[in-house]
Ligand SMILES: Cc1cc2nc3c(=O)[nH]c(=O)nc-3n(C[C@H](O)[C@H](O)[C@H](O)COP(=O)(O)OP(=O)(O)OC[C@H]3O[C@@H](n4cnc5c(N)ncnc54)[C@H](O)[C@@H]3O)c2cc1C
């Protein structure tokens, strides 16, 4: 058995682990990153080939408010572009079909639209009461954590369309169904991602931008800067604390003696590593209770981006069929015309036993209904990744928190276990579940270790990120201005009553 020594071992070469390692290395601390797979990047996975160009099979999209991603992209010289949203988006909900421009789905009738706006604004307002670094401390945490998003939405929505659209949004955000996720978790995610509109939209939203060449380049770039410190094909199997430090053992029978460990693997996978002494009971229970979402991400290629000629940008919001969410993935220069689609939550579980060919056919068939054209039955290429089969993620995009978990176990998320500190997007306070959150979490965990090494003050562990001036956050007019159904009818009633009084006074005199 080989033995090496270093100051800190980082487990996991995803965005979070590599971000942690860079903070440590920049502070002059000797660090080794142990990555189980033969590549860095984890839940960001870009493949490159001549037929498809670069294809992001995992995390890809980002937008304003994700300042750390902009910072990292700039540092690594990565360039990005806006996802096409020029033409119309298709909304297929509750058996009805419509297409629209802009970011607000036209829900059948004005009442449904006001209702949707009210539910979304109510969620936004409630979310502001949830502290992003400790959602369990919200005044109403217990109440909000005792119910699922489904229960809450059914209690305040007036229309079926609104309930269904929020269901679609929950699937898009968590790759889980509305009954699986606690309301408190949803509110936390909304606050941590600057509002439900931002989380669910393209223009000015979290799906606005993609990187030329793919998002995995962020990890590859960081790994290049870290040099020999990154060890691939090194799955960590044991973490053993001794009187003087920690011994981390990997699948190659190599022991790494170190002072501290940063674990940057998805928390839900921690059970695969044997900790001695065992990680504390409450944390062990936490990691049994935060399931990863279920998603199959697919890209379907065509000769041309003919959907634009039909007046569609390629975006779809749908509650029926395999296509849950879809956007144009054609490169800005027009090459590799394609649509990217997520098969989400229950749909992905239902379709997991099909072959890729069967899934491709089901998606193309669904496109013919969504875009009203048989041309979608003639794809020239197909690539997919079923993240439920990914051994080192256990599902994607992120863990979700079912009712009762955040209030009872949330405090364990970032709590160190002996000499091991915890990173990974699930431990982020800002943009939890996103690439941005992964960077924040990694850098924070690294500074926890720097503090324990006596290299920084405790007050320096948490650092906010300056706004990226080039890409400021803007709120849409509709977000700020539309009234709720109640406000609308109250105002209407008030106007009608005032008019009636005015008429009476006029007639009297
Ligand atoms: C299909 C999909 C779509 C997504 N879409 C978006 C999006 O559009 N925008 C966005 O911001 N985010 C998106 N995400 C989420 C985003 O990709 C993640 O939040 C982010 O990549 C998580 O980074 P991480 O470093 O925290 O974890 P990971 O990327 O999971 O990194 C953990 C690493 O640990 C390694 N590992 C696991 N076990 C061990 C072990 N025992 N020993 C050593 N190494 C181990 C893994 O191989 C992995 O490399 C998406 C994810 C998926 C899968």
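Has region 12-27 got any residue that is modelled with pLDDT of 95 or more and part of a strand (DSSP E or B)?
no
Any idea how many residues of region 14-37 are surrounded by fewer than 23 Cβ atoms within 10 Å (Cβ to Cβ) and under 25 Å from residue 212 (Cα atoms)?
Qualifying residue count for the region: 1.
So that you can scan it fast, the table gives a plain yes or no per residue for (1) assigned to a loop (DSSP other than H, G, I, E, B); (2) within 9 Å of the ligand (Cβ to nearest atom); (3) in the same structural domain as residue 235 (by TED's automatic domain parsing); (4) buried (at least 21 other Cβ atoms within 10 Å of the Cβ):
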residue	(1), (2), (3), (4)
401	yes, no, no, yes
407	no, no, no, yes
430	yes, no, yes, yes
437	no, yes, yes, yes
441	no, yes, yes, yes
447	no, no, yes, yes
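Which residues, taken from region 43-56, are more than 6 Å from the ligand (Cβ to nearest atom) and closer than 30 Å to residue 256 by Cβ?
45, 46
Consider residue 72 carefully, then state whether it is in contact with a helix residue (DSSP H, G or I) (Cβ under 8 Å, 6 or more places away or on another chain) and more than 6 Å from the ligand (Cβ to nearest atom).
yes
So which of 66, 25 ends up being farther than 21 Å from residue 292 by Cα and outside the structural domain of residue 234 (by TED's automatic domain parsing)?
66
Quick check, is residue 327 closer than 24 Å to residue 351 by Cα, modelled with pLDDT of 95 or more and within 12 Å of the ligand (Cβ to nearest atom)?
yes
What residue, of 17, 59, is under 20 Å from residue 235 (Cα atoms), within 21 Å of the chain's Cα centre (by Cα) and within 16 Å of the ligand (Cβ to nearest atom)?
Matching residue, one of 17, 59: 17.
Among the residues of region 110-163, write down those that are outside any helix (DSSP H, G or I) and within 30 Å of residue 462 (Cβ to Cβ).
Residues satisfying the conditions are 129, 130, 131, 132, 133, 134, 138, 139, 140, 146.
Does residue 418 qualify as being within 21 Å of residue 270 (Cα to Cα), surrounded by 15 or more Cβ atoms within 10 Å (Cβ to Cβ) and touching a helix residue (DSSP H, G or I) at 6+ places or on another chain (Cβ under 8 Å)?
No, not satisfied.
Residues to consider are 8, 40; find the one that is away from the ligand (no atom under 13 Å from the Cβ), outside the structural domain of residue 319 (by TED's automatic domain parsing), surrounded by 21 or more Cβ atoms within 10 Å (Cβ to Cβ) and closer than 26 Å to residue 428 by Cα.
One residue alone meets the criteria, 8.
Limited to region 156-165, what total is found for residues that are crowded, with 23+ Cβ neighbours inside 10 Å and either out of contact with any strand residue (DSSP E or B) (no Cβ under 7 Å at 6 or more places or on another chain) or under 19 Å from residue 133 (Cα atoms) (or both)?
1
Inside region 20-37, can you point out the residues that are within 8 Å of the ligand (Cβ to nearest atom) and farther than 19 Å from residue 419 by Cα?
Listed by number, the residues that qualify are 35, 36, 37.
Take region 203-227 and flag every residue that is within 23 Å of residue 336 (Cβ to Cβ) and modelled with pLDDT under 95.
Across region 203-227, the qualifying residue is only 203.
The values are calculated or read from the model by the stated rules, or taken from the named source; none is laboratory data. Please read all numbers here as calculations on a predicted model, not as lab measurements. Cβ: placed from backbone, ideal geometry, glycine included. Neighbour counts: every protein chain shown.
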